[in-house]
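Take a look at the structure set out below.
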Amino acid sequence: MPLTAEDLHTDMFRMVLESTADQVFAADMSGKYLLFNEAHRRMMLECYGQEIHADMAPETMACHRYDNGQFRDACMKACIGQPNQLFFEFGSPDFRKIWAQANFNPLFDGSGQVCGLSVFISDASESKATEKELLAEKDAAQADAKAKSAFLSSMSHEIRTPMNAILGLTDILLQQNLEETSLENLRAIRFSANNLLAIINDILDFSKIEAGKFSFENHPFDLFQVLDEINRGIRISAQNKNLLYEFRLAPEIPRYLRGDAVRLSQILLNLLGNSVKFTKTGKVQLSADVFSESDTQVELEFRVADTGIGIPKSQLSNIFNSFTQVHRGNRFLSQGTGLGLSITRRLVELQEGEIRVESEVGKGSEFSFRLRYLKAMPQELLPEADDEELHHNQFRDLKVLVVEDNKINQLLARQLLSGWGVHVEVANDGFEAIAMLQRRVFDLILLDLQMPEIDGFEVARFVRKTIKAPMNQIPIVALTADAFTETRQLTQAAGMNDFITKPFQQKDLLRVLRRFSAQEQESNQQNEISQIETGILQAIDFEFIREKFGKDPETFRYILGVFIHDIAGELISVQSLLQENNNAGAVRLVHKLVSTFSAMGMPETAFTVSLVERLLKNNDDMVMIREKWTQVDQEYQKARIQAEMVLDSLNN
Ligand code: ADP
């Protein structure tokens, strides 16, 4: 008899079923076998001692035998028409665990109703082993990353500690009356040390970002002050290359923000530094605008533009990648690590901002980025120490215990602190510190974290838990070369109040001294505020304004608003015009400002402004004109803070 197509189909199906190593079976809705292959029969016999056959009772079927409830659930799912997959483990006769992958599919009768299920089970031990290997590799990679991070942390400590000494002692020497050649050499040392530190910081930042260990501060800050410091530095480096530096700040930009000011400076300095570096003639510009704003937040857009050598279009997409240097052939231009822009981009993106670049070879480049900040109140800011205060004995009654094992750092801390009139005692290690704290009273502890035997964390815990009140409440400031964020968190957990990273600058130390010379400080601040309220120290005469413009609160508010926002922009415009030596342009603006300051009850400032106007008209010495303008600016900033405070109190 000739073979029918149907017979052939059945035979072939049988052959395939029996030749595969995978187990295949089908069952009806009650779980009774409809079909199974040899592989499945063997497995049931060898693993479960069960010889299977088509008429078996449902409860002895495979789905009841696999010692895993999930298997039965998967069968049930297929029986309600839902194909599914399961990865499971079962014991083999030689007590090996076998990993299997099973596919469960519903079977349908002629009317489309589910009438059973088919199950295909394949050995997945191999892919499981690969997965296990991958997991092991991942664990190893994570351990590696951890080791790398620990290495970097200790390396950062090892490098930063001597850097602290080099920079700190150089600063101290620079303040002494040395002869000019020694001063020049010292400035050169400071310049190189700062460069070295910048490179170390780049490498550390990069590693921290790579290890996912980067976090951002969220503190109130004065944006104008941040920009002012940046301008001062960049203006000098631009002048050294005979480049013009222009700065424009949109008048509506709020001055007090909350966020990470240090990282904002880092981003701007990176971009501006590159612009100066890659521009031979022409100018470098920084501008800041408000991109969007709500009651509580503002999105700022910064632009850094230059008329430099530009970047080829083909390179623009790589420019933010690590170690990319477009102008590598040129020894002078390729100075740097090639990490700056990569870090910059990550710093922007990690703060949920975006950065772009446009450039044309020979014409110049423009980098722009947007970042969102919360708005802050001026009162939230701690007053910053100014240079003048650095030399005054303003902390005369303060007793500070410095706990530090490194002799050079001891010397540095002692010199800086006693220079400000602080009474300093030094403990060489944790034991000595604890002994001293039990006997004597201090106002503040500066505590090195990494010391042999008892480290800073233990000293802090001891102070908080064991020492008697009120000394257990003493403010403790961690002093460490380790810049990692988790260290900061650990210091908080150990009860420390603040944190200074080495190499610390004078202003870091001043900040903590000011913060923790508490009572004195608080009462000073209180006085300042009440003086503003009672009008004793007012830079701006609010009564005069009220008299002049009538007593309507809305008008008063409006006038203050104009003074705070519009005048700031005009002052900056004058500054740019002076920078460009555009006297005619400056005169026009300056003239307007004379009457503004008179109207605001600031006669002295109005007088200085009219003096500038006269000097400009006479084309007098620009240095003197700029100096006078700086004085106007300072007086305005003081008045502006007061106006903001009054406006705030009216609005609340
Ligand atoms: P580097 O430390 O080399 O400056 P960056 O990551 O900051 O590293 O910059 C990468 C490269 O991008 C630079 O080497 C330079 O080739 C190019 N580049 C960056 N900024 C500018 C710019 N303003 N003008 C021209 N080229 C630039």
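The values are calculated or read from the model by the stated rules, or taken from the named source; none is laboratory data. Given the structure is predicted, the values throughout are model-derived calculations rather than measurements. All Cβ positions, even for glycine, are placed from backbone atoms using ideal geometry, and neighbour counts span all protein chains on display.
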>> Among the listed residues 258, 248, 263, identify the single one that is touching a residue at least 60 places away in the same chain (Cβ under 8 Å), basic (Lys, Arg), closer than 24 Å to residue 574 by Cα and more than 10 Å from the ligand (Cβ to nearest atom).
In response: 248
>> Against the definition (of a type outside the set (Asp, Glu), surrounded by fewer than 14 Cβ atoms within 10 Å (Cβ to Cβ) and at pLDDT below 85), how does residue 551 come out, yes or no?
In response: yes
> Just one of the numbered conditions (1) under 15 Å from residue 25 (Cβ atoms); (2) among the hydrophobic types (A, V, I, L, M, F, W, C); (3) modelled with pLDDT of 80 or more is not true of residue 63; which one?
Replying inline: (3)
>> Filter region 388-429 down to the residues that are farther than 24 Å from residue 163 by Cβ, among the small types (Gly, Ala, Ser) and at pLDDT 85 or above and list them by number.
In response: none
> If residue 385 satisfies every condition in (1) part of a loop (DSSP other than H, G, I, E, B); (2) away from the ligand (no atom under 16 Å from the Cβ); (3) at pLDDT 80 or above but one, which is the exception?
Replying inline: (3)
> Out of all the residues in region 38-60, which are at pLDDT below 80, part of a loop (DSSP other than H, G, I, E, B) and not hydrophobic (A, V, I, L, M, F, W, C)?
Replying inline: 49, 50, 53, 55
>> Just the residues that are in a helix (DSSP H, G or I) and aromatic (Phe, Trp, Tyr), please, taken from region 429-451.
In response: 431
>> It is to be established whether one or more residues within region 564-573 are of a type in the set (Ser, Thr, Tyr), assigned to a helix (DSSP H, G or I) and modelled with pLDDT under 70.
In response: no
> Does residue 488 satisfy the condition of being farther than 17 Å from residue 400 by Cβ, in contact with a strand residue (DSSP E or B) (Cβ under 6 Å, 6 or more places away or on another chain) and at pLDDT below 90?
Replying inline: yes
> Can you tell which of 598, 576 is surrounded by 15 or more Cβ atoms within 10 Å (Cβ to Cβ), polar (S, T, N, Q) and at pLDDT 80 or above?
Replying inline: 576
>> Tally up the residues in region 157-198 that are surrounded by 13 or more Cβ atoms within 10 Å (Cβ to Cβ), over 14 Å from residue 481 (Cα atoms) and hydrophobic (A, V, I, L, M, F, W, C), please.
In response: 11
>> Condition (residue is modelled with pLDDT under 90, more than 8 Å from the ligand (Cβ to nearest atom) and basic (Lys, Arg)) applied to region 320-333: is it met by at least one residue?
In response: yes
>> Take the conditions within 11 Å of the ligand (Cβ to nearest atom), in contact with a helix residue (DSSP H, G or I) (Cβ under 7 Å, 6 or more places away or on another chain) and at pLDDT below 95 and apply them to residue 311. Does it pass?
In response: no
> Looking at region 11-34, which of its residues are surrounded by 11 or more Cβ atoms within 10 Å (Cβ to Cβ) and without any contact (Cβ under 8 Å) to a residue 40 or more places away in the chain?
Replying inline: 11, 13, 14, 16, 17, 18, 20, 30, 32, 33
> If we scan region 338-361, do we find a residue that is modelled with pLDDT of 90 or more, assigned to a loop (DSSP other than H, G, I, E, B) and within 13 Å of the ligand (Cβ to nearest atom)?
Replying inline: yes
> Does any residue of region 520-539 turn out to be surrounded by 13 or more Cβ atoms within 10 Å (Cβ to Cβ) and at pLDDT 75 or above?
Replying inline: no
>> Whether any residue in region 416-428 is part of a loop (DSSP other than H, G, I, E, B), among the polar types (S, T, N, Q) and closer than 30 Å to residue 211 by Cα is what I want to check.
In response: no
